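First the structure, in the form of structure tokens, and then the observations on it.
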């Protein structure tokens, strides 16, 4: 009797597991269909709550689907958390780990991205992806502005055999393109001597010329009004002189700021270029 009851229990457990797997497979296929059709909101609704009926393997599959859906909806913080929760035993683990790292980079959390990539690299599942991991690490080094570390990871890749040699060469170009060596104090002094010269020094020729003309125009109006009135103590001279002085001071401050803006823009453009370049191999690899 005990053996019979045990057999029944095992049969029920097996049927329950098969039912859960079938349920997860149906959800997974439907979720991919929704994503493929661009129905992002519906896909999010499907993956919003993970069923307790799923087996551990099925749960990992659905975690991947949820994270992938969040990634497509550009909810990168949530996507990173969900993708990184996929277990190492899942066939979706490599894709989840690598795209989880990308999501962290999209959020600007470079430290967490490096930790995530290191964790993946330490797992047995990373063995077929050695060069991709080195490529991603090189990209992260560029995001940090660490050219020496970039070249270290670059040396781990054989461009002649690497499937994404074109993207690697693009990162090489980014690494070789360094910002001009500009100094804010030089820009400030230059604009104090010749209005607008500091902005031209920072690469803003149009703004520099505009500053020179504006300050010069009010300086001319001030001098002309002073000469006609034969005294600086008249309302026109005071008005023109005050406006001219404010423009002159603003021109100096603007020149100093233009150097800082130059470096900020350079970093933002580089960040976007690197992110674009390290996305392509992953998209191509897992399509």
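Values as computed for the structure displayed
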item	result
Residue 92 being in contact (Cβ under 8 Å) with a residue 60 or more places away in the chain, over 22 Å from residue 267 (Cβ atoms) and either under 21 Å from the mean Cα position of the chain (by Cα) or surrounded by fewer than 24 Cβ atoms within 10 Å (Cβ to Cβ) (or both)	no
Lone qualifier among 198, 203 - being part of a helix (DSSP H, G or I) and either out of contact with any strand residue (DSSP E or B) (no Cβ under 8 Å at 6 or more places or on another chain) or surrounded by fewer than 17 Cβ atoms within 10 Å (Cβ to Cβ) (or both)	198
Residue match in region 187-196 (condition: closer than 22 Å to residue 105 by Cβ and modelled with pLDDT under 90)	no
Filter result (at pLDDT 90 or above and loosely packed, with under 13 Cβ neighbours inside 10 Å) within region 148-172	148
Single match in 231, 237 (criterion: part of a helix (DSSP H, G or I) and at pLDDT below 85)	237
Options 85, 126; residue that is farther than 21 Å from residue 276 by Cα, over 19 Å from the mean Cα position of the chain (by Cα), surrounded by 15 or more Cβ atoms within 10 Å (Cβ to Cβ) and assigned by TED's automatic domain parsing to the domain that holds residue 56	85
Selection status of residue 240, farther than 30 Å from residue 177 by Cβ and crowded, with 20+ Cβ neighbours inside 10 Å	yes
Hits in region 184-199 (condition: out of contact with any helix residue (DSSP H, G or I) (no Cβ under 7 Å at 6 or more places or on another chain) and either touching a residue at least 40 places away in the same chain (Cβ under 8 Å) or under 12 Å from residue 260 (Cα atoms) (or both))	185
Checklist (1) more than 16 Å from residue 247 (Cβ to Cβ); (2) free of Cβ contacts under 8 Å to residues at least 24 places away in the same chain; (3) surrounded by 13 or more Cβ atoms within 10 Å (Cβ to Cβ) applied to residue 181, failing item	(3)
First in region 110-121 and touching a residue at least 12 places away in the same chain (Cβ under 8 Å), second anywhere and loosely packed, with under 15 Cβ neighbours inside 10 Å, Cβ under 9 Å, 6 or more apart	110/144; 113/107; 114/144; 121/130
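Residue-wise test of (1) in contact with a helix residue (DSSP H, G or I) (Cβ under 8 Å, 6 or more places away or on another chain); (2) modelled with pLDDT under 85; (3) outside any helix (DSSP H, G or I).
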| residue | (1), (2), (3) |
| --- | --- |
| 211 | yes, no, no |
| 248 | yes, no, no |
| 251 | yes, no, no |
| 259 | yes, no, no |
| 262 | no, no, no |
| 285 | yes, yes, no |
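Rundown of residues vs (1) assigned to a helix (DSSP H, G or I); (2) more than 24 Å from residue 92 (Cβ to Cβ), yes/no style:
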| position | (1), (2) |
| --- | --- |
| 139 | yes, no |
| 142 | yes, yes |
| 145 | no, yes |
| 158 | no, yes |
| 163 | no, no |
| 170 | yes, yes |
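The values are calculated or read from the model by the stated rules, or taken from the named source; none is laboratory data. Just so we're clear, the structure is a prediction, and the values are computed from it rather than from any experiment. Don't worry about glycine lacking a Cβ; one is built from the backbone with ideal geometry, like all the others, and counts go over all protein chains shown.
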